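Read the structure below first, then the notes.
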Amino acid sequence: MGSLLPNTRRSSLFAPLLSIILFCCLIGLTSASSSLEIRHEHHDEDVGPYEQNFTNDEEIDTVLKWHIGIQMFCWGLLFPLGMILGLVRSRFHAPLQALGCILTLLPGNFLGHHHGGRSFHSTAHSHFASYMWWYLVLQTGFGVFLKLHVMEGTRVRRAVVLAHGVVGKSFPVVGWVQMIFGGIAALGFCFGEHFGQCLAHFIMGSAFIGYAVILLIMLRLGAGWLARRKCSQEYIDSWVIMVWGIVNTFTEHDFFRKSNHWSHKDMQHVSLGVLWWAGGALGIFLGRHGKRNVVPGVIIAMTGYAMSAHAQSLEFSTTIHKLFGFSLMAAGSARVIEICFVLNDSPSPSPSSSTPTRAFQHLPPYLLVLSGLTFLSATEEQMQWVAGSGMDATTYANILFSGAFVIYLVAVALVEGYEWGARPQEEKEGDVERAEGGGGGRTIWGIPVPSVVGGMGLFPGAGRSLNGRERGEEMRQYESVAMEPTTTSGTRSSHSPPDSGFGEGRVRLDSMQEDGDRRVFDLGEEDEDEGDDKYWEEREAGRR
């Protein structure tokens, strides 16, 4: 045991030292990026309202394409995955976030300021990028402070823990906004008189996609959170719809100025606002005490009908707006069917081996993603640009369908990654596969690994997890769960023996479920993981 102490001390000193070095490098890179922006003069030109933000008509060159690809990979996949690893207290959280910072600052930022081809004036994308570097520095500073383990038990440390959690969970939102700004800058849209219309399309489209992601999270992780608050998903949805409807009613046409002119768009948009706050109020009233209701789904379908009949100046634009309306109508109808016929007015159960997520329940979120992406891609300038390129509406629709699949795939993968990391499952599939001469109980993403691949040591065996921890202690908590038939209400089966231990196992599994979803819905991190086995031993001791 004594021979192990020096290695332990070296490993405990290595993480804070590496964090300090990374923090200093990050500050240096941020200062360098600021100087690069100063040298990259055409990014600082501001010529006021204009139809496009290009200083020349050249094509986007290869260097700029690499910049776009690297940044989309970092902010669309790498940082969100690092956020998930942080939520499940994985030891790979800090290395992955450090890799993301290095990629986004070195090749990503450098290529963005050393490209040829098309040049740009000052845009929201370039301005927001300067804030994002300090955003990364702030989050890295929080991480370094926590790794140094100073000021333990003080209010300052608790505040830093909370701030680190809030900033970390905002990474997907910040990355999405910057990617939207990047698309606008690359195509030269949304300037001059087009600014207001772009703002409406991008806000509403992003809101639909965000709503879809929230529905997915509540579907897979939010059952316990809603049950503890005796609240239904429709009750929350109705509040958001009502508040948004009130804002929309008084902003689409300026009621605070005397104006007798009402365009047909003013009438349509204001009437939609009235529909939302009136229907939202009804949904709030019907959704009291955790009751399910169909009002939010009906409002979404009605909004889709209105948008499908929204007249446009271009026939191409009219067709795409019809696709947007039809997608919304399908999403609202699917939501009503899910509540009334799939769930029979009952809350969505927590996914498990006995009550898996229904396949139909993935349809409403996907259709909402499709609706949001379609609305994002239907501004006047975009429609003129696509129609002028010779692309027909069917091809454009296929691109939107594919993009919606990719976005929903990333969202589902992240949510399931959190489930996999937060609640380890019994390796029943691995045991069966091992009995049949398979890969020794090795599985990856729930798929048995063949013995030839498993024998290479690329995947952990049945006794170890992917992060190297022994699973014996983690899996012992499942041993008290009796393998007896149960009812959906959680009561003992009529033919189960009195001493089957069913009640104790049920309480323990419920406790694990609550611990998992609380980490998703709480803003900050209530406890800290040192990155070693001590954290898991303390959790197991607490359960006993």
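The values are calculated or read from the model by the stated rules, or taken from the named source; none is laboratory data. Please read all numbers here as calculations on a predicted model, not as lab measurements. Heads up, the Cβs are rebuilt from the backbone with ideal geometry, glycines too, and the neighbour counts pull from every protein chain shown.
Brief remarks on what is shown
- Conditions (1) surrounded by 19 or more Cβ atoms within 10 Å (Cβ to Cβ); (2) in contact (Cβ under 8 Å) with a residue 60 or more places away in the chain; (3) of a type in the set (Val, Ile, Thr); number of the one not met by Thr249: (2)
- Filtered residues of the stretch 302-337 (kept if buried (at least 21 other Cβ atoms within 10 Å of the Cβ) and either under 23 Å from the mean Cα position of the chain (by Cα) or small (Gly, Ala, Ser) (or both)): Gly304, Ser317, Phe324, Gly325, Ser327, Leu328, Ala331, Gly332, Ala334, Arg335
- Lys147 within 30 Å of Ala200 (Cβ to Cβ) and charged (D, E, K, R): no
- Comparison of Ala397, Ala404, Ala411 shows that the only residue that is more than 19 Å from the chain's Cα centre (by Cα), over 22 Å from His194 (Cα atoms) and in contact (Cβ under 8 Å) with a residue 24 or more places away in the chain is Ala397.
- Residue in the stretch 354-391 that is farthest from Glu315 (Cα to Cα), counting only those that are in a loop (DSSP other than H, G, I, E, B) and in contact (Cβ under 8 Å) with a residue 24 or more places away in the chain: Ser354
- Residue within the stretch 278-288 that is without any contact (Cβ under 8 Å) to a residue 60 or more places away in the chain and in contact with a Pro (Cβ under 6 Å, 6 or more places away or on another chain) present: yes
- The number of residues in the stretch 329-345 that are under 27 Å from Tyr396 (Cα atoms) and touching a Phe, Trp or Tyr at 6+ places or on another chain (Cβ under 8 Å) comes to 2.
- Within the stretch 302-326, tally of residues that are among the aromatic types (Phe, Trp, Tyr) and out of contact with any Gly (no Cβ under 7 Å at 6 or more places or on another chain): 2
- Residues in the stretch 272-327 that are closer than 23 Å to Ala393 by Cα and of a type in the set (Val, Ile, Thr): Thr303, Thr318, Thr319, Ile320.
- Residue selected from the stretch 56-74 under the condition in contact with a Gly (Cβ under 6 Å, 6 or more places away or on another chain) and closer than 24 Å to Trp133 by Cβ, by the criterion surrounded by the fewest Cβ atoms within 10 Å (Cβ to Cβ): Asp61
- Unmet requirement for Ile339, which otherwise passes all of (1) farther than 30 Å from Leu199 by Cβ; (2) touching a residue at least 40 places away in the same chain (Cβ under 8 Å); (3) assigned to a helix (DSSP H, G or I); (4) in contact with a helix residue (DSSP H, G or I) (Cβ under 6 Å, 6 or more places away or on another chain): (4)
- Failed item, numbered, when Gly188 is tested on (1) within 22 Å of the chain's Cα centre (by Cα); (2) at positive phi: (1)
- Qualifying residue in the stretch 197-209 (condition: closer than 26 Å to Gly76 by Cβ and either charged (D, E, K, R) or assigned to a loop (DSSP other than H, G, I, E, B) (or both)): no
- Taking the stretch 146-190 as the range and being touching a Pro at 6+ places or on another chain (Cβ under 9 Å) and either closer than 17 Å to Gly82 by Cα or not assigned by TED's automatic domain parsing to the domain that holds Trp133 (or both) as the test, the residues that pass are Lys147, Phe171, Pro172, Gly175.
- Scanning the stretch 75-91 for residues that are closer than 10 Å to Gly175 by Cα, surrounded by fewer than 19 Cβ atoms within 10 Å (Cβ to Cβ) and not hydrophobic (A, V, I, L, M, F, W, C) turns up just one, Gly76.
- Filtered residues of the stretch 258-301 (kept if in contact with a Leu (Cβ under 6 Å, 6 or more places away or on another chain) and assigned to a helix (DSSP H, G or I)): Val295, Ile300
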